1. So is LEU111 in contact with a Leu (Cβ under 6 Å, 6 or more places away or on another chain), surrounded by 13 or more Cβ atoms within 10 Å (Cβ to Cβ) and touching a residue at least 24 places away in the same chain (Cβ under 8 Å) or not?
2. Show the residue pairs that are 6+ apart or on different chains and have beta-carbon atoms under 6 Å apart, the first residue being within region 64-85 and under 12 Å from ARG37 (Cα atoms), the second being part of a loop (DSSP other than H, G, I, E, B).
3. Could you grab me the full set of residues in region 162-171 that are within 19 Å of HIS38 (Cα to Cα) and either over 13 Å from the mean Cα position of the chain (by Cα) or surrounded by fewer than 20 Cβ atoms within 10 Å (Cβ to Cβ) (or both)?
4. What pairs can you find where one residue is in region 185-198 and within 14 Å of GLU138 (Cα to Cα) and in contact (Cβ under 8 Å) with a residue 12 or more places away in the chain, the other is outside any loop (DSSP other than H, G, I, E, B) and not β-branched (Val, Ile, Thr), and their Cβ atoms are less than 6 Å apart, with a gap of 6+ or different chains?
5. Does TRP29 satisfy the condition of being under 20 Å from PRO121 (Cα atoms) and either charged (D, E, K, R) or out of contact with any strand residue (DSSP E or B) (no Cβ under 7 Å at 6 or more places or on another chain) (or both)?
6. Of all the residues that make up region 172-188, how many are part of a helix (DSSP H, G or I) and within 15 Å of SER33 (Cα to Cα)?
7. Return the residues of region 113-147 that are farther than 21 Å from GLU192 by Cα and of a type in the set (Val, Ile, Thr); say none if nothing qualifies.
8. Conditions first: (1) in contact with a His (Cβ under 8 Å, 6 or more places away or on another chain); (2) surrounded by fewer than 20 Cβ atoms within 10 Å (Cβ to Cβ). ALA189 passes all but one, so which condition is the exception?
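What follows is calculated from the coordinates using simple rules that are stated; it is not laboratory data. Computed from a predicted model, the values in this text were never measured in an experiment. As a convention, Cβ positions derive from the backbone with ideal geometry for all residues, glycine included, and neighbour counts pool all protein chains shown.
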Amino acid sequence: MTAGPDGVVRCAWGVEGDPLYRAYHDAEWGRPSRDGRHLFEMLVLEGAQAGLSWSTILRKREGYRRAFAGFDVSTVAAFGEEDVARLLADPGIVRNRRKVESAIASARVVLALAESGETLPGLLWGFVNGAVIDRRPETLGEIPAETAESRSMSRELMRRGFRFVGPTICYAFMQATGMVNDHIAGCAAGEEIRVAAR
């Protein structure tokens with residue numbers, strides 16, 4: 001926990017270096033999202049991040065939004081080989097065939113969920129029984145790489161046909177979308193999230 005130049009107390013990673021990181025920490029990370037489009041976006045981005053730094057993905061986020069039609073599931077699910085070729089030539093995203101094809105496959109799974117009467121938010125939030133897990137770690141070292149919930153999510157998402165959804169990726173996704181509040185105890189953003197939940 002560190003005070004930034006503006007005097008606001010944040011998790012250390014939200015203070016140091018990149019202003020893009022700081023904005024993401026303050027305004028998005030850990031804030032509960034039940035918006036299907038946003039959840040789909042974060043699944044794609046967390047999968048794209050595998051083996052890379054999150055700052056790389058944040059810098060390419062607008063490129064992803066443009067390339068993947070604002071993460072409109074129906075549009076992405078209809079992408080074919082020409083779209084894959086276009087995406088692999090796009091420097092605004094991570095040009096990895098497996099990751100590009102994974103995003104398209106995931107969109108098709110989300111459509112299949114809808115056809116069977118399920119929703120992506122309902123499926124994903126079900127792994128935490130619909131409620132935020134508020135962990136209040138004292139240090140970054142207390143934050144796990146994966147949990148029983150993320151392992152359960154990973155298994156089920158893979159069974160459904162999602163890709164790049166290992167338990168570590170799923171836990172990062174859960175943190176990012178506010179299923180888990182892993183802001184360090186005393187962090188202003190974490191406290192805002194707790195107050196909003198009351």
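1. Details: in contact with a Leu (Cβ under 6 Å, 6 or more places away or on another chain): no; surrounded by 13 or more Cβ atoms within 10 Å (Cβ to Cβ): yes; touching a residue at least 24 places away in the same chain (Cβ under 8 Å): yes.
Spelling it out, it is not the case that LEU111 is in contact with a Leu (Cβ under 6 Å, 6 or more places away or on another chain), surrounded by 13 or more Cβ atoms within 10 Å (Cβ to Cβ) and touching a residue at least 24 places away in the same chain (Cβ under 8 Å).
2. Cβ pairs passing all conditions: VAL76/PHE68.
3. Within region 162-171, the subset within 19 Å of HIS38 (Cα to Cα) is 162-165, 169-171.
Residues satisfying the conditions are PHE162, ARG163.
4. Every condition considered, the pairs that remain are CYS187/ARG10; GLY190/ASN181.
5. Numbers: under 20 Å from PRO121 (Cα atoms): yes; either charged (D, E, K, R) or out of contact with any strand residue (DSSP E or B) (no Cβ under 7 Å at 6 or more places or on another chain) (or both): yes.
Criteria met by TRP29.
6. Looking only at region 172-188, we keep the residues that are part of a helix (DSSP H, G or I), and these are 172-176, 188.
Still in the list and also within 15 Å of SER33 (Cα to Cα): 172-176.
Total satisfying the criteria: 5.
7. Residues satisfying the conditions are THR119, THR147.
8. Among (1) in contact with a His (Cβ under 8 Å, 6 or more places away or on another chain); (2) surrounded by fewer than 20 Cβ atoms within 10 Å (Cβ to Cβ), the lone unmet condition for ALA189 is (2).
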